[in-house]
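The values are calculated or read from the model by the stated rules, or taken from the named source; none is laboratory data. The structure presented is a predicted model; accordingly, all values stated were derived computationally and were not measured. Heads up, the Cβs are rebuilt from the backbone with ideal geometry, glycines too, and the neighbour counts pull from every protein chain shown. What goes into the accessible areas is simple: the full protein's heavy atoms, side chains included, and nothing from ligands, DNA or RNA. Shrake-Rupley method; radii C 1.70, N 1.55, O 1.52, S 1.80 Å.
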Amino acid sequence: MQPSRSLDESVPADIRARVMPAALDELARWGVERFSIEAMAERHHLDPAMIQRYWGDRQRLIVDAALADAETFSSVPDTGSLRGDLLMLARKLTDRINSAQGRTFLRALAMDHGGHHDEETRRMLWRARFALGRTVIDRARERGELREGVNTLAAVQIVMAPLNVRALYSDVPVDDRYCEAIVDMAWHALARK
């Protein structure tokens, strides 16, 4: 079913405030593959027709929910240095993945059961998360802090991947010492000497 509203029209704030937490809760509980608008609407006392009207399909709602989740740690302040910005990025990501919902949501994004539609959705979600780290790398490039030939995707993954992997395979909270160790390694790999 196609949404009756154009993709550029925004969802009213009150509806968004009711649907986004419900969608994040469902994704954390059931993952991408088992996410259902109908089940979410029933469990959270929402009107499925209203959800269809604004989001159209489950993929669009899932991606929108992931973007809403990313907004919880989306702005990394400009500290004036690559190392400082990388540390802020690592700390913001860690704050989110150390929360029960954040860790569960991360695990839901990583599980793969091979469905094409769900793999496409998953790629869209990870691209949204990548955009956060890209800002840090782009700023460092503009300040002239990066060595020549730094690949932006690889640079972001140097910081985000170890934090995500640790959260995926352990229930132990990621601590600040680990963040600093990851950032130091990333800084040495990326910084102009």
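Reported count of residues in the range 152-174, each being free of Cβ contacts under 8 Å to residues at least 24 places away in the same chain and more than 19 Å from R123 (Cα to Cα), is 4.
In the range 53-79, the qualifying residues are those that are more than 14 Å from the chain's Cα centre (by Cα) and closer than 15 Å to T135 by Cα, and the one that is modelled with the highest pLDDT is T79.
Note on the range 145-186: residues that are open to solvent by 40 Å² or more (accessible area, probe 1.4 Å) and outside any helix (DSSP H, G or I) amount to 9. For the criterion of being within 27 Å of G31 (Cβ to Cβ), of a type in the set (K, R) and not in a loop (DSSP other than H, G, I, E, B), R123 passes. For the range 1-52, the candidate set comprises residues that are of a type in the set (K, R) and either within 16 Å of A68 (Cβ to Cβ) or part of a helix (DSSP H, G or I) (or both); within that set, the residue that is modelled with the lowest pLDDT is R29.
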